[in-house]
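Here is the structure we will look at.
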Amino acid sequence: VNNDGNENVLDVVALVNCVLTATCENCAGDMDSNLLYNVLDIVNLVNCVLAETCDGGGSRIDSATSAEFNVIGNEVTMTADGVVGGIQMTLSHGSDFALTLTDGGQFSNYLTEGNTTTLIIVNPENDNLFTTSGDFTIESVIVSDVTGSSKLSSSVNMLKDYSISAAYPNPFNPTTQMSLTLNTNVDVSVKVFNMNGQLVDVI
């Protein structure tokens, strides 16, 4: 990618910057020869560098076939059924937005231009991907398995709306009821405190 005749981490960094800035044109990093430059090419190049061969051979058998991204509060997590090779995500947001990558993976970086941020994480090491300040929307996601293929199924769960009904009866002793309504399936922890601020129960 950097025209020095070798395939190494310098090429990976160059390709990541190329994808983030959308300045790729006739780049040697088009690993799948489809004239598109994204995280799939980066994962292919990483595998090429690690295996010291770019013949496309060799992969881990526990490669993911699906990945789910969950947005809860200011944190984005991932759940996958195997190893994910790379993630490229585009976010839209306001001017008060800030992002902190919590999973460095083998390589990670992001670029913010105006109200759009594009991030890349290669070979994420855990499920906690990043945290933010300010509201945002995930506009697009490209997920790669460990071979650089985009055949993974992926979904994004963003908790946008929720409501909590009034407690009934109120006042009450010893029980009451309320409803919590969400716009997506997600695990929820509800903490109940008494008037003295003491934790009474966790549901």
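For the range 143-157, residues that are open to solvent by 50 Å² or more (accessible area, probe 1.4 Å) and part of a strand (DSSP E or B) total 3.
Kindly indicate which of 125, 139 is free of Cβ contacts under 8 Å to residues at least 60 places away in the same chain, charged (D, E, K, R) and surrounded by fewer than 12 Cβ atoms within 10 Å (Cβ to Cβ). Step through it out loud before you land on a result.
Working: 139 fails: surrounded by fewer than 12 Cβ atoms within 10 Å (Cβ to Cβ).
Going through 125, 139 in turn, the sole match is 125.
Listed by first and then second residue, the pairs linking a residue in the range 165-182 that is in contact (Cβ under 8 Å) with a residue 12 or more places away in the chain to a residue that is charged (D, E, K, R), with Cβ atoms under 8 Å apart and 6 or more places separating them unless they lie on different chains, are 182/161.
Please pick out the residue among 73, 58, 105, 82 that is over 21 Å from residue 138 (Cβ atoms) and either of a type in the set (Phe, Trp, Tyr) or modelled with pLDDT under 80 (or both). Steps first, please.
On the way: 73 fails: over 21 Å from residue 138 (Cβ atoms); 105 fails: over 21 Å from residue 138 (Cβ atoms); 82 fails: either of a type in the set (Phe, Trp, Tyr) or modelled with pLDDT under 80 (or both).
Exactly one residue qualifies, and that residue is 58.
Inside the range 189-203, residues that are assigned to a loop (DSSP other than H, G, I, E, B) and either at pLDDT below 80 or exposed (fewer than 10 other Cβ atoms within 10 Å of the Cβ) (or both) make up a count of 7.
The values are calculated or read from the model by the stated rules, or taken from the named source; none is laboratory data. Because the structure is a prediction, the values reported are computed rather than measured. Glycine gets a Cβ as well: all are built from the backbone with ideal geometry, and neighbour counts include every protein chain shown. Ligands, DNA and RNA are stripped out before the accessible areas are found, and what is left, the full protein with its side chains, is counted by its heavy atoms. Shrake-Rupley method; radii C 1.70, N 1.55, O 1.52, S 1.80 Å.
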